[in-house]
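Q: My questions will all concern the structure given below.
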Amino acid sequence: MNSNGFRFAPWLLGFFATLVAIPFLIYLQLFLVAKILGITVTVTLVVVLRIWLHQLKKQGPGERYSLTSNDVFELHSLVPAFKDLSTKDQLALQHRIGLVMGTLIVHNTDNLPIELSPKNLAICGAFYAFMKLESPKELVWFIRQNAQPTVDGKYLYLGMEELEDFLRKLSLEELQSRLSA
């Protein structure tokens with residue numbers, strides 16, 4: 001937020017100074033001034049917090065999800081071609097999948113039985129989104145039974161069987177070409 005001149009520290013110092021001044025005003029029996037100052041600080045703080053949160057939301061996606069060594073081990077079994085990548089490419093792919101995972105929401109609206117853990121499910125969905133979509137900023141995946149993979153804006157409709165087939169059939173060349181894009 002510092003890039004556009006709306007800095008955080010001066011506002012905090014101003015709020016702190018005015019809040020510290022209120023007890024002194026009460027001690028000096030300037031009750032009306034203390035009340036007005038307290039109300040003004042509260043209203044200003046609410047407005048400024050809304051502005052900060054709005055600007056923070058505009059800055060882009062949230063944090064990147066870091067894959068653990070267990071996640072990477074599972075990824076090796078879920079995507080056989082992942083093993084064949086160089087270590088550098090594997091790290092780059094893990095980083096990009098982590099970014100997509102930060103934006104992914106998974107819905108199992110049909111309550112289908114799923115053998116994967118929720119984390120592995122999100123990893124698979126993020127992997128599919130990374131391979132098929134151009135830099136998804138926000139993605140909602142609806143798991144459907146025998147659904148043809150379709151993307152409608154930020155909504156992805158995909159079945160588990162189709163996802164598993166896609167991940168198993170990925171080739172080393174496809175992974176490398178997507179990483180270089």
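Q: Being hydroxyl-bearing (Ser, Thr, Tyr), at pLDDT 85 or above and part of a helix (DSSP H, G or I) is the filter here, so list the residues in region 75-115 that pass it.
A: Going residue by residue through region 75-115, those that are hydroxyl-bearing (Ser, Thr, Tyr) are 77, 86-87, 103, 109.
Adding the requirement that they be at pLDDT 85 or above leaves 86-87.
Within region 75-115, just Thr87 meets the criteria.
Q: Within the set of pairs 6+ apart or on separate chains, which have a first residue in region 88-105 that is more than 12 Å from Phe127 (Cα to Cα), a second that is among the β-branched types (Val, Ile, Thr), and C-beta atoms under 8 Å apart?
A: Close Cβ pairs (under 8 Å, with a partner that is among the β-branched types (Val, Ile, Thr)) amount to Gln90/Val72; Ile105/Val140.
The values are calculated or read from the model by the stated rules, or taken from the named source; none is laboratory data. The shown structure was predicted, so the numbers you read here are calculated from the model rather than taken from an experiment. Note that we place each Cβ from the backbone using ideal geometry, even for glycine, and neighbour counts take in every protein chain shown.
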